[in-house]
1. How far apart, in nanometres, would the label points at Val480 and Tyr45 be if each is projected 7 angstrom from Cα along the Cα-to-Cβ direction?
2. Counting pairs of alpha carbon atoms under 8 Å apart in space and at least six apart in sequence, what relative contact order in percent does region 375-494 give?
3. According to the square roots a ≥ b ≥ c of the eigenvalues of the Cα gyration tensor, what is the shape class of region 1-131, taking rounded for a/c under 1.5, prolate for a/b larger than b/c otherwise, and oblate for the remainder?
4. Once the mean 1/r over all distinct Cα pairs of region 81-218 is inverted, what Kirkwood radius in angstroms do you read off?
5. In square angstrom, rounded to the nearest 10, how much accessible surface does Lys445 have for a 1.4 Å probe?
6. Under a crude label model (7 Å from the Cα following the beta-carbon direction), how far is Val223 from Leu432 in nanometres?
7. So if R0 is 60 Å, what FRET efficiency would Ser492 and Lys4 give, r being the distance between their Cβ atoms, rounded to the nearest 0.05?
8. So for each of 122-131, 415-424, 154-163, 81-90 I average, over its residues, the number of other beta carbons within 10 Å; can you give me the resulting order with the highest mean first?
Amino acid sequence: MESKLLVHVLVCVFAVSSWVDINGMWVELPILVSHLPEQWTLPSYITVLGQVANIGPLVFLAITYRISGRPVKRPTLDKITSYIIMLVGLTSTLLLSFFWRSTQHVAGAERSLALLTLSFFLSLMDCTSSVAYVAFMASLQPVYLSSFFVGEGLSGLLPALMALGQGVGEIKCVNASSTSERNVSGNVVNVTDYYVYPTYLPPRFSVQLFFLLLCGMIFLSMVAFSLLNFWGYCKDQFTNSRSFEDYNQVICPSDQSANDFESGDTTDTVQSPLLSSTPSLKCGSDGPKNDDALLQLSSGYSYPPPVSVKDGIDECTPLFGDKTKAPTREISLLLVQVVVINFFITSFLLSIQVYSSLPYGISIYNLVVTLTNIANPLACAVAIFLPVTSCVGISVLTGLGLVCTVYVVLCASLSPAPPLVASTAGGPVIVLLWIAVSFFLTYAKISVAGVMRHVGRRALIWYGSATQVGSLLGALTGFVLVNQVKVFNDASWC
């Protein structure tokens, strides 16, 4: 079955709500800290609250795994959770637009209690979206997953472009001087010192309007999500649960334990091209009933028959040549890569971005911030037309991204005098490497998600959980190295 362009657009718009609100708060920080009592300690508070918010994905996983002992109708759970995420995001950004400057006297000091409380709810919902949204995407045809990640990339790009238009972070270097009396060889003389200091330029539009625009984006995402679920035009783009039963994970009776990622999840699973050159059929299955089902489930991939019968005995086609144990090992390897990727691109590298690029000049720093946000959705778009489905290919992408990451971390650790700082090539090199890091690691991350989509809903939930684990570890590592150990040194803004 062919995909529909409008459904791709709706999926993309829906995905924008995943992180657009909290990303918007981060890019607005230069203005927020200049008006709030916490000043530049505010990001550390938001970071800690963001990590506490990881309780959201844990609750979703607990419900998914039926800890209560009651069966959960999964498509309904995914939809309800997604609506809650968008409603809370919509309400919180609306309230932020009016109360972001509100302060209360707490523990002997003025605190931005309203902003911090609302930022916690935004983080709680956005963290939960990492598992709930991808779980919902398991109910759509696999071809739409790349469009979802394009939208997720736009959730970072759109606020960044809004902040760019607003003039957030635009700094003017001002020449100044001061005169003081000093004792020189027993004589008191007036000495004039000349220096340069940075000052923020006033924004082109208000913080209130910025948060209202974020609120509008979330509202559009909710409209797109509703159309996906209730518009008849989109109905045939959802997977057919009966067909997925025919395309279950290859499970031989003697190897049930190897199917950990899909145990008990038999209504929405289709085998990934990574995991086998054959479709995923239960041992002894009759296979798909017609060619349309095959086309619908394989999304363009064609598979030879998976089951042969000799002397009346069903024989499952081995995955990777050694039954079903290798796929679990391969999936585990991919999930580890997702943890590593998110450790860097969603938290740790962001905490050292200024240290790695500012020494080359403020214009280079602004280029890094803007172009890395563009590289993310660009990688998502490339993945639509050039999908990578082999473990080796994904590992190569991850390796390329990590090689570039090493240089970026090196530059940050050597700030304010990183490599090539005195050369005209230094700035372009760091910009290109930041773009490469964002592109390759995002490309690899999306490719893993594509594989997990073919494995099934539960694998996608594990994927979402791995992204949050990586983000948590990266944020904690960055917080300790930057704020506690103080490994990185500031460069001058001017």
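The values are calculated or read from the model by the stated rules, or taken from the named source; none is laboratory data. Because the structure is a prediction, the values reported are computed rather than measured. Every residue, glycine as well, gets a Cβ built from its backbone with ideal geometry; the counts of neighbours run over all protein chains shown. Accessible surface is based on the protein model in full, side chains and every heavy atom, while ligands, DNA and RNA are left aside. Shrake-Rupley method; radii C 1.70, N 1.55, O 1.52, S 1.80 Å.
1. Using points 7 Å along Cα→Cβ, the separation is 2.5 nm.
2. Working: 90 pairs, mean separation 43.8, N = 120.
Reported as a whole number, the value is 36 percent.
3. On the way: a/c = 2.88, a/b = 1.64, b/c = 1.76.
It is oblate, given that a/c is not under 1.5 and a/b is not larger than b/c.
4. Working: mean 1/r = 0.0519 Å⁻¹.
Taking every pair of different Cα atoms in region 81-218, averaging 1/r and inverting gives 19.3 Å.
5. Roughly 30 Å² of Lys445 is accessible to a 1.4 Å probe.
6. Between Val223 and Leu432, the label points sit 4.3 nm apart.
7. Details: r = 53 Å, r/R0 = 0.88.
The value I calculate is 0.70.
8. Details: 122-131: 26.3, 415-424: 14.0, 154-163: 22.5, 81-90: 20.8.
Ranked by mean Cβ neighbours within 10 Å, highest first: 122-131, 154-163, 81-90, 415-424.
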